[in-house]
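The values are calculated or read from the model by the stated rules, or taken from the named source; none is laboratory data. Source: prediction; values computed, not measured. When we count neighbours, we look across all protein chains shown, and the Cβ atoms used for this are built from the backbone with ideal geometry, even at glycine.
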Amino acid sequence: MAKAKDKNTEELILNAAKNVFQSKGMDGARMQEIADHAGINKAMLHYYYRSKQLLFEAVFKNAFSLLAPQLNAVLNDDSSIEDKVRNFTANYISFISQHPYLPTFVIQELNRNPEFILNMKDSQGFPNLKKFKNQVKNEVDMGLIKPISAEQLFMNIMSLNVFPFVARPLLMAFTSTDNDTYQQLLDNRKTEVADFIINAIKIS
């Protein structure tokens, strides 16, 4: 029973922290507010996480651990580059639609503590581009896609998928859309982004 209770308490803390970090950012979040949202006292919160930084890292790792294996699986399966682009885009947009705070977390932490992200590179499940790089080169050499480096292609994929989530308020203002309409635009991007990239690299 104790283990189940501990696990439930930690889940309450992580969910509360996720919501507070999302609305207040890392610098604006307060441990007392997170404790209040979790329905526990501050001493209990500090028992689980001694500092706000450790709690932030736990929330980030928890979310990233759900996304990274999915992306890694797509990058390293035996499908074509075209299928990889489609599957990567669909998986990423679906996941981030359910965890909209994650891209902002990454940007905030890259600016505030770049070493933390770099240290995650060696963690289990972190996306590995080795196979993707070899496959892009092979498909270029075979004349299946236009000459492009795997690094540039991957950055194009990430940029077109990430930016609409990071800049959501700005793009909603530019496009004069409400939340429901903008979410539909994001859902449509599961195919729109893939088609755009594929049409840009595919040899007719």
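Pairing residues of segment 48-69 that are under 15 Å from GLN22 (Cβ atoms) with residues that are at pLDDT 85 or above and of a type in the set (Gly, Ala, Ser), at Cβ distances under 8 Å and at least 6 apart in sequence or on separate chains, gives LYS52/ALA29; LEU55/ALA17; PHE56/ALA17; PHE56/ALA29; ALA58/ALA17; VAL59/ALA17.
Looking only at residues in segment 101-151 that are under 23 Å from ASN199 (Cβ atoms) and of a type in the set (Val, Ile, Thr), the one that is surrounded by the most Cβ atoms within 10 Å (Cβ to Cβ) is VAL136. Scan segment 70-87 for residues that are without any contact (Cβ under 8 Å) to a residue 24 or more places away in the chain and of a type outside the set (Val, Ile, Thr) and the total you get is 6. Of (1) modelled with pLDDT of 95 or more; (2) part of a helix (DSSP H, G or I), PRO147 satisfies all except one. Which? In the conditions (1) modelled with pLDDT of 95 or more; (2) part of a helix (DSSP H, G or I), PRO147 misses (2) alone.
Sort out which residues of segment 130-144 are touching a residue at least 40 places away in the same chain (Cβ under 8 Å) and assigned to a helix (DSSP H, G or I), and write them in order of number.
Within segment 130-144, LYS131, PHE132, GLN135, VAL136, GLU139 meet the criteria.
Every condition in (1) under 19 Å from ASP78 (Cβ atoms); (2) surrounded by 15 or more Cβ atoms within 10 Å (Cβ to Cβ); (3) over 21 Å from the mean Cα position of the chain (by Cα) is met by PHE154 except one, and the failing one is (3).
With SER97, SER23, SER65, SER51 as the choices, which residue is more than 23 Å from ASN134 (Cα to Cα), surrounded by fewer than 18 Cβ atoms within 10 Å (Cβ to Cβ) and touching a Leu at 6+ places or on another chain (Cβ under 7 Å)? Criteria check complete, one pass: SER97. A residue that is assigned to a loop (DSSP other than H, G, I, E, B), under 30 Å from ILE203 (Cβ atoms), without any contact (Cβ under 8 Å) to a residue 24 or more places away in the chain and assigned by TED's automatic domain parsing to the domain that holds ALA194 cannot be found anywhere in segment 88-100. Against the definition (part of a helix (DSSP H, G or I), over 30 Å from ILE13 (Cβ atoms), among the aromatic types (Phe, Trp, Tyr) and touching a helix residue (DSSP H, G or I) at 6+ places or on another chain (Cβ under 9 Å)), how does PHE105 come out, yes or no? Against the criterion (part of a helix (DSSP H, G or I), over 30 Å from ILE13 (Cβ atoms), among the aromatic types (Phe, Trp, Tyr) and touching a helix residue (DSSP H, G or I) at 6+ places or on another chain (Cβ under 9 Å)), PHE105 does not qualify.
For segment 74-82, the count of residues that are out of contact with any Lys or Arg (no Cβ under 9 Å at 6 or more places or on another chain), surrounded by fewer than 17 Cβ atoms within 10 Å (Cβ to Cβ), outside any helix (DSSP H, G or I) and in the same structural domain as LEU12 (by TED's automatic domain parsing) is zero. Among residues of segment 19-43 that are closer than 11 Å to PHE56 by Cα, those with a beta-carbon under 7 Å from a residue that is surrounded by fewer than 19 Cβ atoms within 10 Å (Cβ to Cβ) and acidic (Asp, Glu) at least six positions away or on a different chain give the pairs VAL20/GLU33.
Scanning segment 26-47 for residues that are over 22 Å from HIS99 (Cα atoms) and surrounded by 19 or more Cβ atoms within 10 Å (Cβ to Cβ) yields one hit, LEU45. Checking the stated criteria, PRO127 turns out not to satisfy the condition of being within 20 Å of GLY25 (Cβ to Cβ) and either at pLDDT 80 or above or in a loop (DSSP other than H, G, I, E, B) (or both).
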